[in-house]
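Chemist: One structure is given below, represented as structure tokens, and several questions about it will come after.
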Amino acid sequence: MSNPCREVITLQLGHYSNFVGTHWWNLQDASLSYDPETPLGDVQSDVVFREGQTLGGHVTHTPRLIAMDLKGSLRTLRQEGSLYDPGKDTSAVTWEGNLMMHEESPPAKNPFLEDLDKLDVTGAVSVDTVNSQLDRIQKGYRLEGSVRVWSDFLRIHLHPQGDSLHFAFGQGEALLQGSVLEDLEDRLHFFVEECDYLQGFQVLCDLADGFAGLGSKVTEMLQDSYGGRGILTWGLAPVSHPNSTPMKDIYHHLNCTLGTVHLASNSSFFCPLTLRGGFGRRPSSSTTFPHLTCDPSLWYHSSSVLALALDALTLPYRLRNNSVPMWQVADTLAVSGRKVVAAYGALPFPMMHGSSLPDALSACADALPWKPLSACPEAGDGRCYGQWATLKGFEGQKLISSLAPGTKPPTPLHSLHSGEDVLAAYISSFYPTSPLALQLASTPSKLTPPFPQIFSRSLDAQGFLQSQPAPPGSRVPVVSSVPVMTSLQSGPALDPWLSELHRAASTFDIRRLAPSFLSQGPEMADYKEALEQLRLMARCYRDDIDIPETGDN
């Protein structure tokens, strides 16, 4: 059933969140088509994009996005954008005194941005033509050594009302006031007022730095001003930070602790996203995937993996048909006020080319194919308060078995008659008594330059497993799409995760180890109150605790 377009406004707060967001928007842009003759895919792009026109009359789609980051993060990108460029302002205030001019050399552009500049002649050709020409280049860009900031691999155009709020970084909580607050409110109102059916906000927020404090204030403002809308917050954290020190590690942990408490409180649900093995000062090994060859310590790589997962995690409220609004997704997962959820993903989903979904899942009969994306291992005891699973990108493959009449099904999954039944039966074999919602979408995530080629030789160009991996020394196919399976869960596994976060923060003598943290941020009483809220939050995920129903966002 087709749905009306329920718009979503995206906020990206922090440098790593903008790394993830840039990859995510590049994935959305790769699936856009301006050609009315092109068949529509599963995703309704207008949920997150707004339509406009260049001065030359060409149709454009720009993100309904507000991004906040450190000063200098734009590098080669103009803050006011280029699609709607009215030309340089020729008016100037004259100065009749002596004048000395200092001209700074512009930052050098990497090969991807240079190619984009050659194709991007806005006003002369359509944006769709630029995209299709860029896709045909299919260069094996190796940007690992040249990506310094997220705008170094940004494929899309930003709207002047929605590009980066360019400010020098200060203490997060104190920052959202004065002109910064007014600017944010103005840009929010611009997007909100043009929406017909605004369903809510998706917030990507750095969790380990001062942007966690900024995010807590932004989500509080959203809750106060748009309390009836969904606020789905994703707390992003890299595996490692450049030039880190033991003192900085303490600050990272404290920011994660306070960010988790406040972002969860102000959101419909809060989900941390990271490839870290944990949020402690000595985390276990980072999450790895059997068919990926990425370097988790590279932000350019790790953010691409999280963006690929986020493309599937956010799918339920972006579908063209049978979409589910944000508030319903949140209500399904945030059971009895448990607002923290954990994410898991199979990236890519291990499906053999030419096989069926029952075949693929039967090969994973002993263990679920997904890995932790929230530094929260599954409990393994089959308990879950709520779960939302998504399978995306099986285009061209069979969802059910095609056995000849009279043939005995090799497994119970092979006897089922729909993909939904197959996936539900498989997940229920691990979570037999847990509520489950799921959605399937055949259209894959389209991987176009400059998405990094981080895939093993075992995959073909569509991201499916090959019967025989490409031999060493042979040309590895460029992977242009991948199937992905994700799961969002609320369950007892979050108790030890939250309890460890609380335990580690409680052992710090913050007055002695990090006195400047209090002088630049919360009062000691506020800090202790946040720790108590975190302790109570962890208790909510124990089966022997009765949690009263709440009507909060």
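Chemist: Taking every Cα atom in region 321-414, find the radius of gyration and the maximum pairwise distance Dmax, and write them in Å.
Modeler: Calculated on Cα positions, Rg and Dmax stand at 16.4, 50 Å.
Chemist: Label region 415-519 by shape, choosing from rounded, prolate and oblate, from the square roots a ≥ b ≥ c of the eigenvalues of the Cα gyration tensor; if a/c is under 1.5 it is rounded, and otherwise prolate applies when a/b is larger than b/c, oblate when it is not.
Modeler: The shape class here is oblate.
Chemist: Moving to a separate point now. How do D381, D366 stack up against each other in accessible area, from largest to smallest, with a 1.4 angstrom probe?
Modeler: Solvent-accessible surface, decreasing: D366, D381.
Chemist: When the C-alpha atoms of region 338-493 are aligned to their principal axes, what extent does each axis show, in angstrom, from largest down?
Modeler: Here the Cα extents, ordered largest to smallest, are 48, 46, 25 Å.
Chemist: Quick one: if you stick a label point 7 Å off each Cα along the C-beta vector at Q328 and R539, how many nm between them?
Modeler: 3.5
Chemist: Calculate, in nm to one decimal, what C5 and M352 gain on full extension: separation in residues at 0.36 nm each, minus their alpha carbon distance.
Modeler: This chain segment gains 121.4 nm when fully extended.
Chemist: Additional query: Could you check how much of the accessible area of region 496-540 is carbon and sulfur, as a whole percent, using a 1.4 Å probe?
Modeler: With neighbouring chains kept in place, the figure for region 496-540 is 53 percent.
Chemist: Sticking with this structure for a sec: Full extension from D224 to D366: what is 0.36 nm times the residue separation minus their Cα-Cα distance, to one decimal in nm?
Modeler: 46.5 nm
Chemist: On to the next question. With the cut-off at 29 Å, tell me which of the pairs K248/K528; K217/K392; K339/K528; K371/K408; K217/K371 have Cα atoms farther apart than that.
Modeler: Listed pairs above 29 Å: K217/K392; K371/K408; K217/K371.
Chemist: What fraction of the DSSP beta bridges in region 338-493 is antiparallel, stated in percent and rounded to the nearest 5?
Modeler: 70
Chemist: Next up: Quick one: 3J(HN,Hα) in Hz for region 332-345, Karplus 6.51/-1.76/1.60 with θ = phi - 60°, rounded, Gly and Pro as x.
Modeler: Going residue by residue, I get 5, 9, 7, 5, 6, x, 7, 8, 8, 10, 10, 10, 9, x Hz, with x marking Gly and Pro.
Chemist: Rank-order 458-465, 483-490 by packing density, defined as the average count of other C-beta atoms within 10 Å over each peptide's residues, highest first.
Modeler: The densest-packed peptide leads the list: 483-490, 458-465.
Chemist: Something else: Using a Förster distance of 22 Å, how high is the FRET efficiency between E523 and R503, based on the Cβ-Cβ distance and rounded to 0.05?
Modeler: 0.50
Chemist: Cα atoms only, region 184-267: Rg and Dmax in Å?
Modeler: 14.7, 49
Chemist: Sticking with this structure for a sec: Could you compute how much accessible surface C540 exposes when probed at 1.4 Å, giving the result in Å² to the nearest 10?
Modeler: 30
Chemist: Another question, if that's okay. Collect residues whose amide H, placed 1.01 Å from N in the peptide plane, falls under 5 Å from the amide H of L273; neighbours closer than 5 in sequence don't count.
Modeler: G235, L236, A237
Chemist: Each label point is 7 Å from the Cα along the Cα-to-Cβ direction; what then is the distance between the points at F430 and S456, in nm?
Modeler: Reported label-point gap for F430 and S456 is 1.8 nm.
Chemist: Is the C-alpha gyration tensor of region 246-336 telling us rounded, prolate or oblate? Criteria: a/c under 1.5 is rounded; beyond that, a/b larger than b/c is prolate, otherwise oblate.
Modeler: Here region 246-336 falls in the oblate category.
Chemist: With each pseudo-label sitting 7 Å past Cα toward Cβ, what's the D183-M247 distance in nm, one decimal?
Modeler: Rounded to a tenth, the inter-label distance reads 2.9 nm.
Chemist: Short version: ³J(HN,Hα) in whole Hz for each residue of region 453-466, in order, from phi by Karplus 6.51 cos²θ - 1.76 cosθ + 1.60 (θ = phi - 60°), x for Gly and Pro, what are they?
Modeler: Rounded to whole hertz, the list is 7, 10, 10, 7, 5, 6, 9, 8, 5, 9, x, 8, 5, 8.
The values are calculated or read from the model by the stated rules, or taken from the named source; none is laboratory data. What you are looking at is a predicted structure, and each value in this text was computed from that prediction instead of being measured. Cβ coordinates were reconstructed from backbone atoms using ideal geometry, including for glycine residues, and neighbour counts include every protein chain displayed. The protein model used for the area step is the full one, side chains on, heavy atoms only, and it has no ligands, DNA or RNA in it. Shrake-Rupley method; radii C 1.70, N 1.55, O 1.52, S 1.80 Å.
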